[in-house]
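The values are calculated or read from the model by the stated rules, or taken from the named source; none is laboratory data. Computed from a prediction, not measured in an experiment: that's the story for all the values here. Cβ sites come from the backbone with ideal geometry, for glycine too, and all protein chains shown count toward neighbours.
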Amino acid sequence: MLSLSQRALEITPSPTLTIDARAKELKNAGEDVIGFGAGEPDFDTPLHIRKAAQRAIDEGFTRYTPASGIPELKEAICEKLKKDNGLEFEPSQIVVSNGAKHSLDNVFATILNEGDEVVIPAPYWVSYPELVKLNGGTPVILETRRENNFKAGGDELERILTPRTKAFLLNSPGNPIGHVYTKKELENIALLALKHQFYIVSDEIYEKLIYGKSTHISVASLEKELQENTIIVNGVSKSYAMTGWRIGYTASARPIASAMAGIQSHRASNPNSIAQRAALEAISGPQECVEEMRQVFAKRRDYMLDRLDSFPLITPVKPEGAFYIFVDVGETFTKNFRGTAIGDSDNFAATLLEHYRVAIVPGRGFGAPGYARFSYATSFENITRGLDRLEAFLSELA
Ligand code: PMP
Ligand code: GLU
């Protein structure tokens, strides 16, 4: 066979989506698998949003739209950014894409030259380094510390900067840790971005999913000047249970937005016209559904955290947002399961799936091989049953 590109050869498929596909496959084959894998709300998309999509179809809103999104959706996004985040943007600064993942791909395609560096604090969401590499950049991984709740932004960030640093990846609330950056922590990052002139790519997709006292602050709102350096990434997948609709967006300085729109016009054209109408209803329609779902997630988080805390051999990190619990499973590595050492978190996850039918994502893809990620975006019943199984597995190990 003729050879593939170096880029294609270097890519590892998304481990979150791989685990999810495997769990769904087993379920479809009639296996009783509990999925704590991919971060996907288990709720149906709220009815008023689905109805807006049905209306779009009935009205024949089924043709190409402007490549970077329909004007009314961009307007609604600007209003949202003003109301929720205190930010002034114009529709020409918004680019609507096929999910926030596509938005991130567009961002890196737009700002990176070959070899430009993007600083990514670890643990990170699995797709960041791969998306940087796919666009010719070099991911520079910044190890964070548990005592800082795995956040970055102090001296260690300044030390890792080089003349090639083009951007810093900020994800708050974060996947997989669930941490939320405070105003002070954001100010530190902002100061460095202005002093050393790099972009902040701010992935705010979990902004509505915060539990406890923390609040979401969009870093761009800290200073007028900073808005030029910040590219906000957001979308409807998580807040509105719309993962399959594929709508994400960016808000950025005008030259960035227009370059990004140009790239998208060739690579993908417009995101789905019907999904754009649905997203318009999600963002500008009634918001009660968001709070209702958040409250359900909050109860699940508390329950899951309490139980994980009580189990032997593992230590969960307390999340303040998103819908994941990242768990230190390192102590299990020296334990034997039916005669074989667990060894690493890949095998921990594989054994749990194989023998106890619980799907979790091992930490390697998040840059934290001693950990594993549990998503609580699944029903309370599944959580209870899945944790019962995990408890049995751990007692077998202990
Ligand atoms: N950012 C983070 C941190 C995520 O966890 C996800 C997961 N889906 C995305 C972006 C991409 O979301 P979307 O479904 O809109 O592509
Ligand atoms: N972002 C979700 C996750 O981390 C969905 C899967 C993906 O897009 O990678 O599980």
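Key figures for this structure:
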| read-out | value |
| --- | --- |
| Residue count for the range 149-158, restricted to those that are crowded, with 20+ Cβ neighbours inside 10 Å and in contact with an Asp or Glu (Cβ under 9 Å, 6 or more places away or on another chain) | 3 |
| The range 247-277, subset among the hydrophobic types (A, V, I, L, M, F, W, C) and assigned to a loop (DSSP other than H, G, I, E, B), residue nearest to ligand 2 (Cβ to nearest atom) | I247 |
| Test: residue in the range 235-246 that is over 20 Å from E292 (Cα atoms), within 14 Å of ligand 2 (Cβ to nearest atom) and assigned to a loop (DSSP other than H, G, I, E, B) | yes |
| Number of the exception - I283 against (1) within 29 Å of I325 (Cβ to Cβ); (2) away from ligand 1 (no atom under 16 Å from the Cβ); (3) not acidic (D, E) | (2) |
| Y206, sole failed condition from (1) touching a strand residue (DSSP E or B) at 6+ places or on another chain (Cβ under 9 Å); (2) in a helix (DSSP H, G or I) | (2) |
| Entirely in the range 56-148, the strands (runs of 3 or more DSSP E) that have 1 or more residues that are more than 15 Å from ligand 1 (Cβ to nearest atom) and surrounded by fewer than 23 Cβ atoms within 10 Å (Cβ to Cβ) | 117-122, 138-143 |
| Any hit, the range 39-51, residues being within 15 Å of ligand 1 (Cβ to nearest atom), within 26 Å of T144 (Cα to Cα) and hydroxyl-bearing (S, T, Y) | no |
| In the range 317-359, the residues that are of a type in the set (D, E) and in a strand (DSSP E or B) | D328 |
| Residue list for the range 190-211, restricted to those being surrounded by fewer than 21 Cβ atoms within 10 Å (Cβ to Cβ), charged (D, E, K, R) and either out of contact with any helix residue (DSSP H, G or I) (no Cβ under 9 Å at 6 or more places or on another chain) or under 20 Å from V233 (Cα atoms) (or both) | K208 |
| Filtered residue count, the range 1-38, keeping only those that are assigned to a loop (DSSP other than H, G, I, E, B), surrounded by 15 or more Cβ atoms within 10 Å (Cβ to Cβ) and within 16 Å of ligand 1 (Cβ to nearest atom) | 4 |
| Close pairs (7 angstrom Cβ cut-off, 6 or more residues apart or separate chains): of a type in the set (K, R) in the range 242-253, within 14 Å of ligand 2 (Cβ to nearest atom) and modelled with pLDDT of 95 or more anywhere | R246/N98; R246/G99 |
| Output for the range 2-24, where each listed residue is without any contact (Cβ under 8 Å) to a residue 40 or more places away in the chain and either under 17 Å from V132 (Cβ atoms) or more than 13 Å from ligand 2 (Cβ to nearest atom) (or both) | L2, S3, L4, S5, Q6, A8, L9, P13 |
